[in-house]
1. Considering 706, 754, which residue is farther than 24 Å from residue 326 by Cα, out of contact with any Phe, Trp or Tyr (no Cβ under 6 Å at 6 or more places or on another chain) and modelled with pLDDT under 85?
2. Say we look at the stretch 422-442 and pick out the residues that are within 15 Å of residue 498 (Cα to Cα) and open to solvent by 80 Å² or more (accessible area, probe 1.4 Å); which of these is modelled with the lowest pLDDT?
3. What's the number of the condition residue 483 fails, among (1) open to solvent by less than 40 Å² (accessible area, probe 1.4 Å); (2) at pLDDT 95 or above?
4. Could you check, for the stretch 766-786, whether at least one of its residues is over 21 Å from residue 684 (Cβ atoms), without any contact (Cβ under 8 Å) to a residue 60 or more places away in the chain, not in a helix (DSSP H, G or I) and not aliphatic (A, V, I, L, M)?
5. If residue 332 satisfies every condition in (1) open to solvent by 40 Å² or more (accessible area, probe 1.4 Å); (2) under 30 Å from residue 591 (Cα atoms); (3) modelled with pLDDT under 90 but one, which is the exception?
6. When residue 475 is evaluated against the numbered criteria (1) under 18 Å from residue 429 (Cα atoms); (2) at pLDDT below 90, which criterion, by number, is the only one it fails?
7. Please pick out the residue among 279, 181 that is open to solvent by less than 20 Å² (accessible area, probe 1.4 Å), in contact with a Cys (Cβ under 6 Å, 6 or more places away or on another chain) and modelled with pLDDT of 70 or more.
8. For residue 158, state whether it is touching a His at 6+ places or on another chain (Cβ under 7 Å), within 30 Å of residue 30 (Cα to Cα), surrounded by fewer than 21 Cβ atoms within 10 Å (Cβ to Cβ) and not aromatic (Phe, Trp, Tyr).
Amino acid sequence: MIPHSTSHDDVLRELQVDPLKGLTSEEALLRLQEYGENRLEAKKKKSMIQRFFEQFKDAMIVILLIAAAISFVVAIYEGEGYFEPVLILIIVVLNAIMGVVQESKAEKALEALQQMSAPQARVRRDGTESVIEAVQLVPGDIIILEAGDFVPADGRLIESASLKSEEAALTGESVPSEKQAEAAVKAGAPLGDRFNMVYSGCSITYGRGLVVVTATGMKTEMGKIADLLAAEEDGQTPLQQRLAVLGKYLGIMALVVCAVIFAIGLAADMRVMEIFMIAIALAVSAIPEGLPAIVTIVLAVGVQRMVRKNAIIRRLPAVETLGSASVICSDKTGTLTLNQMTLVKAFDAASGVLEDTGEDNSPVIRQLLTYAVLCSDGRVEFENGEARHIGDPTETAIVLAGHNNGLPQDELNHRYPRLAELPFDSDRKLMSTVNRVEDRTVVIVKGAFDVLEGRCVAGDLEAGRRSGDSMSRDALRVLAVAYKEIGELPDPVTSDELEKDLTFMGLLGMIDPPRPEARDAVAVCKQAGIRPVMITGDHVITASAIARDLGIMSPGDQAVTGSDLINMSAEDLGERVRGISVYARVSPEDKIRIVRAWQRQGEVVSMTGDGVNDAPALKAADIGCAMGITGTDVAKGAADMVLTDDNFATIVDAVREGRGIYDNIKKAVAFLLGTNIGEVLTVFTAMVIWNQSPLLAVQLLWINLVTDSLPAIALGMEAVEPDVMKHKPKPKDESIFAHGLGLRIALQGAMFAVLTLIAFWIGWQESGDIDAGRTMAFLVLALTQVVHSFNMRSNHSLFKTGFFSNRYLTGAALISAILVITVVLIPPVANAFGMVGLTSDLYLLALALALVPLLILEISKAFGLIKHHSAE
């Protein structure tokens, strides 16, 4: 069967499905077993064994393996022990196991995130509509498609209404294709001409349609060309790429240092094997091969932390970009506001009473609310204490206000039954009901004041006009209520009969109120140097009032409309963009212009969106934020981040987390580079001065591959600092070593080297045994690094942040310290590592020297030598 050249009735017969009922659950399950899940075949996952051996592709690991092989040959040739080569192999294997574990954790985290944002489909099964995971679709399923939906499988249209599908991924056509269920298509028609079909991976941009699924998974057109699709690769983030370049430079430096040390060793008549092993160990020490893995772990942990705060990050580089966000362009409705019309003011014309609505209003306002509720079709249902609004938002606002005043809608409708009605229509702009109130027949009319006042013959219309204008200036939406008594119900019931000779009763003012947390979030934005901008399709007066209330619009700021934007050139907009805080009545195309105008100013822009037409603006922005509740699949697909609660405050929280994650990566990088520079300087200086290495190859390897890694990972788990939102965003091209971090790393590396060389010299001279000097050097170098990891937690004093407030670092430091002590104090292990016992005085001196970095850094912080970023 060729679906596009076959009538939809024949396709339905072939697939044995009734379009009104859909498949039964049992039949769907059988077909799922027959056809498989509706997903493209993923790249085959690597097995644990493959991942394990992939760890050995790293250049430093290869060098270590060569060193181990040479060491084995020499050990056999010279008849020495095999400890050194065996230890190298153990360290390499441990390193590989850690790499596999880290990769698996990162992959599981990303899989969990992908599952959270998996596409869904509206399907008709067992005679009812439901939403299921798209992977569960089978041929014969009846699916319902509307504007904004992704097409989850290939299908033949059964019904269509003004349907358009964007098929650029398949056909390359940028213009959406018009679809018609009844279109006659030849069997050999190309994809772009099959107007009665929709295809997996495309999106619906307009209209609606009913579709029978004809192909799923790899049998779809998308499946046939799956290898041509731009599949999401686990590419490196910009930061990881910069660190990879840094690693290459460090590698070149290491080779130069190794060559110099090798030359010095040969000149000093050191054994070739000994000097070779030290040079290899130093090369490994110079290059922080753990950095890429640690950056990935920190990013993955940060992303999971964001999920708990209602932000799903779809692309890892977005985490880095978030830290640089300097402009947040946000929708008003639902993001800055509650997306729930609320009745806040009521005016009674007869008494002149104007009140804020609450739970105990005056009798005249309660009477006004009673009539307004009787003339409303919207409903409010309560489930577990939560109000669920059904129907027109303005009517549900009236119904809820009545309920809060002890005037439940069902009770009023029962007491004052509706006899007739004239529904609202766009021509009259009015709604009317006829109710039996006590023993009277009352016509109740509600609508816009400017329409209703011309139909009133009684009531204080002038006072109503003044109150209405006052409410409008406060951005309230105003509804008027009027009534009259009639003797009997006219037949027929017409507008001309009912909606005339009315008495003006009063006004109701309502608004979609700002979210309670939005005002604080805007204040945090401004404190963080981030410019919040409101973009809305609402009226400019309403938008401006809410923007002023939230603090988005300051004195002197402008509000412009979409029609104003049309008259602005790109240059004009660029000149004025910094002065505009509110854009009202804008189109999705306007959003792109606004994003680009800010980007030309050098700003990093975040943009929110939920509709199909918002997708281009979301892609154009540096950080596209789609709405998780109201957002379409297309918008979510184009976004870098999905807000699961559609809340502006969540964007600000995400920026805060993004800054914290970037800071933590900087801490881990600075810690590892500082320790590596310390190791290189220690060995290089000692070789130049004494023609002796203060550390053996195995000692260096143990410090670098075992002791360093755990604290570095734990630094990446540090909580976000409280004042992270008190400084300006970092420029997106800013070096990780900006603000003096590079100099500090070099100085801290020098400090490690000086302390280690002092320990080596004292230990050697006091005992007359170079092994004692090396034991001292090992103890001091290893423990200073453990102690220094606490220094790296913050640019604030540890007395302020708390020494043990990062439980991960406390645990990592404890494990690292135990490993160091094990190597030094347990005789069999100590002998294998070339360690000797020391006097208690030397142990105490080593401990004292290890604590020196803590003292020096605390003094530096106290005297402002290390400034916190917010002060810069």
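1. On the way: 754 fails: modelled with pLDDT under 85.
Matching residue, one of 706, 754: 706.
2. Step by step, filter the stretch 422-442, then rank; the result is 424.
3. (1)
4. yes
5. So residue 332 meets the others, but not (1).
6. Residue 475 satisfies every listed condition except (1).
7. Values: 181 fails: in contact with a Cys (Cβ under 6 Å, 6 or more places away or on another chain).
Residue meeting the stated conditions: 279.
8. Details: touching a His at 6+ places or on another chain (Cβ under 7 Å): yes; within 30 Å of residue 30 (Cα to Cα): yes; surrounded by fewer than 21 Cβ atoms within 10 Å (Cβ to Cβ): yes; not aromatic (Phe, Trp, Tyr): yes.
Yes, satisfied.
The values are calculated or read from the model by the stated rules, or taken from the named source; none is laboratory data. All of these numbers come straight from a predicted model, not from anything done at the bench. Don't worry about glycine lacking a Cβ; one is built from the backbone with ideal geometry, like all the others, and counts go over all protein chains shown. Side chains included, ligands, DNA and RNA excluded: accessible areas come from the protein's heavy atoms. Shrake-Rupley method; radii C 1.70, N 1.55, O 1.52, S 1.80 Å.
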